[in-house]
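The values are calculated or read from the model by the stated rules, or taken from the named source; none is laboratory data. As the structure is a prediction and not an experimental result, all values here were calculated from the model. A quick note on method: Cβ atoms are made from the backbone with ideal geometry, for glycine too, and the neighbour counts reach across all protein chains shown. For the accessible areas, the whole protein counts, side chains as well, though only heavy atoms, and no ligand, DNA or RNA atoms are used. Shrake-Rupley method; radii C 1.70, N 1.55, O 1.52, S 1.80 Å.
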Amino acid sequence: MTSTFEQMRANVGELLRGIDRYQFNPAFFQTSITSQILLKALTNLPHTDFTLCKCMIDQTHEERPIRQILYLGNLLETCHFQSFWQGLEENRELIDGITGFEDSVRKFICHVVGITYQNIERRLLAEMLGDQTGVSSIMATSQ
């Protein structure tokens, strides 16, 4: 009995070392749930939730929706905001059911713009915020 207990203890100790301890139940992995978690984590930028979630995904599970979300997250983290909005437009189905996703992303972009720029053109700001339709109306009111 003691040797079995010691064996289990050693096994648990080994599992708690290294990255494997974060792969909680890979047999129960669900792409749709993981996608929602990643998208929700994106809404919390600039906090590190997205990076933490990204690190916990096993590379064998990087299927299409997850790959697309990781790509969009990379665009946001590297401040390629116009490309982010284009990529999101091509994958609108990803954010179905994520209330306030676009507003949260805009809040992050405003944060980045606020700490980066002293002055910015309205047209550029509108493009960064994903407002392609409002660019002409902003330009018309500023003239």
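Here is a yes/no grid of residues against (1) without any contact (Cβ under 8 Å) to a residue 40 or more places away in the chain; (2) over 17 Å from Gln36 (Cα atoms); (3) of a type outside the set (S, T, N, Q):
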{"residue": "His61", "(1), (2), (3)": "yes, no, yes"}
{"residue": "Gly73", "(1), (2), (3)": "yes, no, yes"}
{"residue": "Thr78", "(1), (2), (3)": "yes, yes, no"}
{"residue": "Gln86", "(1), (2), (3)": "yes, yes, no"}
{"residue": "His111", "(1), (2), (3)": "no, yes, yes"}
*asked:* Which residue is most open to solvent (accessible area, probe 1.4 Å), if the candidates are limited to the stretch 71-125 and must be under 14 Å from the mean Cα position of the chain (by Cα) and among the hydroxyl-bearing types (Ser, Thr, Tyr)?
replied: Tyr71
*So, in the stretch 29-49, of the ones that are part of a helix (DSSP H, G or I) and in contact with a Lys or Arg (Cβ under 9 Å, 6 or more places away or on another chain), which residue ends up nearest to Val105 (Cα to Cα)?*
Ala41
_Please go through the stretch 53-88 and give me each residue that is modelled with pLDDT under 90 and not in a loop (DSSP other than H, G, I, E, B), ordered by number._
Cys53, Lys54, Cys55, Gln59, Thr60, His61, Arg64
*Give the residues of the stretch 57-78 that are more than 30 Å from Ala27 (Cβ to Cβ) and touching a helix residue (DSSP H, G or I) at 6+ places or on another chain (Cβ under 6 Å), sorted by residue number.*
Leu75, Leu76
*Within the set of pairs 6 or more residues apart or between chains, which connect a residue that is closer than 15 Å to Gly73 by Cα and modelled with pLDDT of 90 or more inside the stretch 89-104 to a residue that is hydroxyl-bearing (Ser, Thr, Tyr) and surrounded by 11 or more Cβ atoms within 10 Å (Cβ to Cβ) with Cβ atoms less than 7 Å apart?*
Leu94/Ser35; Phe101/Thr43; Ser104/Thr43
